[in-house]
Amino acid sequence: KVTRYGDRVAYGIGFAASGENDFDSRAVSLQASWNSDDNNRSWDAAVAFTRDRIGSVDDPDLDESRRTLAFTAGVTQAISRTDIVQFGLTYSRGRGYYSDPYKRIDRRPEERDQAIAVLRWNHHFESAGVTLRTGWRGYRDSFGIRSHTLGAEWAQPAGAWTITPDLRWTTQNAAWFYFVPVSNA
């Protein structure tokens, strides 16, 4: 990724590549962020395109593809000397092969839309020198999956280190096409 920084703005372009025996991926992304005049608020936006090639070492004839276009936008606001809030949205639209090539009975749809919302709040306790970081993440997709995650972290400085215990609670349902395989063995 290469980023150009200005007074209150930054622009970036990124490239990614991954290669394995049964999977190749290429991606490109564009990102922009800019700050308010008082630097207490920042906005960001990004777009990314990914192209994947899917194969299988078990089936040399398998040669499938998948393409995904994703958009992200967010805002971060300093609401006081010790509090920062952040909100972000991501939407992605994928088309192509989503099945698992190593599971014979795995047949998934060839389209997948995903939406993610994130809300974070960080509060710094000046007298103790610690920061409480809290957040919520909501997710839904066209496979019927819905999930919510709540999290909290306590960032405690300890000399040159920072100790960060965290607590996370997640709920998630299964995709509409999922079933539990039954064996008669």
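The values are calculated or read from the model by the stated rules, or taken from the named source; none is laboratory data. Please read these numbers as outputs of a predicted model, since none were measured by experiment. Every residue, glycine as well, gets a Cβ built from its backbone with ideal geometry; the counts of neighbours run over all protein chains shown. Remember, those area values only see protein heavy atoms, side chains included, never the ligands or the DNA or RNA. Shrake-Rupley method; radii C 1.70, N 1.55, O 1.52, S 1.80 Å.
Please go through the stretch 101-185 and write out the trypsin sites (Lys or Arg not before Pro) that DSSP classes as loop and that have at most 15 other C-beta atoms within 10 Å.
Numbers: sites: 103, 104, 107, 112, 120, 133, 137, 140, 146, 168; in loops: 103, 104, 107.
Listed in order of number, the matching sites are 103, 104, 107.
Determine the share of the stretch 49-147's accessible area contributed by carbon and sulfur atoms, expressed in whole percent, with a 1.4 angstrom probe.
On the way: 3250 of 6020 Å².
After summing per-atom areas, the C and S share lands at 54 percent.
Give, rounded to the nearest 20 debye, the magnitude of the charge dipole that the chain has about its Cα centre when Lys and Arg contribute +1 at Cβ and Asp and Glu contribute -1 at Cβ. Spell out each step's value before the answer.
Details: 23 positive and 23 negative charges, 83 e Å.
I would put it at about 400 debye.
Counting only heavy atoms of the protein chains, get the accessible area per residue of the stretch 43-168 (1.4 Å probe) and round it to a whole Å² value.
Working: 7980 Å² over 126 residues.
Spelled out: the 1.4 Å probe surface of the stretch 43-168, per residue, equals 63 Å².
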query = Using alpha-carbon pairs under 8 Å, 6+ residues apart, how would you state the relative contact order of the chain in percent?
reply = 11
query = Can you list the residues, at least 5 places off or on another chain, whose amide H is less than 5 Å from the amide H of residue 145, using H built in the peptide plane?
reply = 176
message = Using a 1.4 Å probe on the protein heavy atoms only, what accessible surface does residue 15 show? Give it in Å² to the nearest 10.
response = 150
remark   = Rounded to the nearest whole number, the Stokes-Einstein translational diffusion coefficient of the stretch 104-185 at 20 °C and 1.002 mPa s (Kirkwood radius, C-alpha pairs) in µm²/s is 133
ask   = Separation of the stretch 21-70 and the stretch 108-185 by C-alpha centroid, Å?
value = 21
request  = For the stretch 83-123, evaluate the Debye formula with one uniform point scatterer on each Cα (no solvent term) and list log10 I(q)/I(0) at q = 0.25, 0.26 Å⁻¹, rounded to two decimals.
outcome  = -0.84, -0.87
ask   = Where does the charge balance sit around residue 84 when Lys and Arg score +1, Asp and Glu -1, over other residues with C-beta under 13 Å from its C-beta?
value = +3
key: Descending Cα extents along the principal axes, the chain, whole Å   = 62, 43, 32
ask   = What FRET efficiency would be calculated for the residue pair residue 57, residue 27, taking the C-beta separation as r and a Förster radius of 30 Å, to the nearest 0.05?
value = 0.80
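Which trypsin sites (Lys or Arg not before Pro) does the stretch 1-70 hold that lie in a coil by DSSP with at most 13 other beta carbons within 10 Å? Write down the numbers at each step before the final one.
Values: sites: 1, 4, 8, 26, 41, 51, 53, 66, 67; in loops: 1, 8.
Passing both the DSSP loop test and the Cβ count: 1, 8.
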inquiry  = If you count only protein heavy atoms and use a 1.4 Å probe, how large is the accessible surface of residue 91, to the nearest 10 Å²?
reply    = 90
query = residue 153 accessible area, nearest 10 Å², 1.4 Å probe?
reply = 60
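Tell me, what is the Rg over Rh of the stretch 22-125, with Rh the Kirkwood radius over Cα pairs?
Working: Rg = 19.4 Å, Rh = 16.5 Å.
My calculation of the ratio gives 1.18.
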